[in-house]
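Undergrad: Below is the structure I would like to discuss, written out as structure tokens.
The values are calculated or read from the model by the stated rules, or taken from the named source; none is laboratory data. The shown structure was predicted, so the numbers you read here are calculated from the model rather than taken from an experiment. All Cβ positions, glycine included, derive from the backbone under ideal geometry; neighbour counts span all protein chains shown. Please note that ligands, DNA and RNA were not included when accessible areas were found on the heavy atoms of the full protein model with its side chains. Shrake-Rupley method; radii C 1.70, N 1.55, O 1.52, S 1.80 Å.
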Amino acid sequence: MKRLIAIAAALAACTLPLPAAAVGSIADIVIHDRAQNRTLPVHVHEGRHYVVGNPGNEYEIRMRNRQRGDILAVVSVDGVDAMSGDTASWDQGGYVLGAYQAFGVKGWRKSLDRVAAFYFTALPDSYAARTGRPGNVGVIGVALFRKKPEPVAQYAPQP
């Protein structure tokens, strides 16, 4: 039985590649099935985006910055922040992508060298449920933020 995963992708305006509807222009976001080595098609239903994954298959969230400047991507899966492991929130750290840079997140960060892989599974086996946070199981979230412009120095001429 296949499991549907809801994508609350880019709540701060990103795009999903075809066949998904564009919802912004900051970055491209795709879900890549690592076991089948393919990008999962995105289905839209009642304004929400979905991918269908095979149970047990590991997946990766791939992002590509479409901007000339840096962006910050705050990634969560099942309501759990991918970088910190804390309950997902807008004000957490994330991944900085330089201009036109691409990056893939394969799992929850355990250290600089290790991640716990994202994989499609039933609710009781999910990381969020096992840590007492089952409220957003099935939701992949990517919040994107543009870098705040550097202030322009104003120089007054010397009298």
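Undergrad: Taking N as the number of residues in region 23-159, what value does Rg over Cα atoms divided by 2.2 N^0.38 Å take? Mind showing how you got there, number by number?
TA: Numbers: Rg = 17.8 Å, N = 137, 2.2 N^0.38 = 14.3 Å.
The reported ratio for this selection is 1.25.
Undergrad: Express the accessible area of region 44-145 per residue in Å², computed with a 1.4 Å probe while the remaining protein chains stay in the model.
TA: Numbers: 5150 Å² over 102 residues.
Using a 1.4 Å probe on heavy atoms only, each residue of region 44-145 averages 50 Å².
Undergrad: Can you work out ³J(HN,Hα) from phi for every residue in region 77-82, in order, using Karplus 6.51 cos²θ - 1.76 cosθ + 1.60 and θ = phi - 60°, giving whole Hz and x for Gly and Pro?
TA: Running phi through 6.51 cos²θ - 1.76 cosθ + 1.60 with θ = phi - 60° gives 9, 6, x, 10, 4, 5 Hz.
Undergrad: Using a probe of 1.4 angstrom, how much of the accessible area of region 48-159 is carbon and sulfur, in percent? Walk me through the intermediate numbers first.
TA: Numbers: 3490 of 6580 Å².
Carbon and sulfur atoms account for 53 percent of the accessible area of region 48-159.
Undergrad: Here's another thing I want to ask about it. Give me Rg over Rh for region 113-159, both radii from the alpha carbons and Rh done the Kirkwood way, two decimal places.
TA: 1.48
Undergrad: Explain nothing, just compute: Karplus ³J(HN,Hα) = 6.51 cos²θ - 1.76 cosθ + 1.60, θ = phi - 60°, for every residue of region 153-159 in order, whole Hz, x for Gly and Pro.
TA: 6, 9, 10, 8, x, 6, x
Undergrad: I would also like to ask the following. To the nearest 10 square angstrom, what accessible area does LYS106 show with a 1.4 Å probe?
TA: Accessible area, nearest 10 Å²: 90 Å².
Undergrad: For LYS148, go through the aspartates and glutamates and keep the ones whose alpha-carbon is under 16 Å away, minus same-chain ones fewer than eight residues off.
TA: Excluding near neighbours in sequence, the set is ASP70, ASP91.
Undergrad: Another question about this same structure. Run the simple label-point estimate for ASP125 and ALA156 please: 7 Å along Cα→C-beta, distance reported in nm.
TA: 6.9
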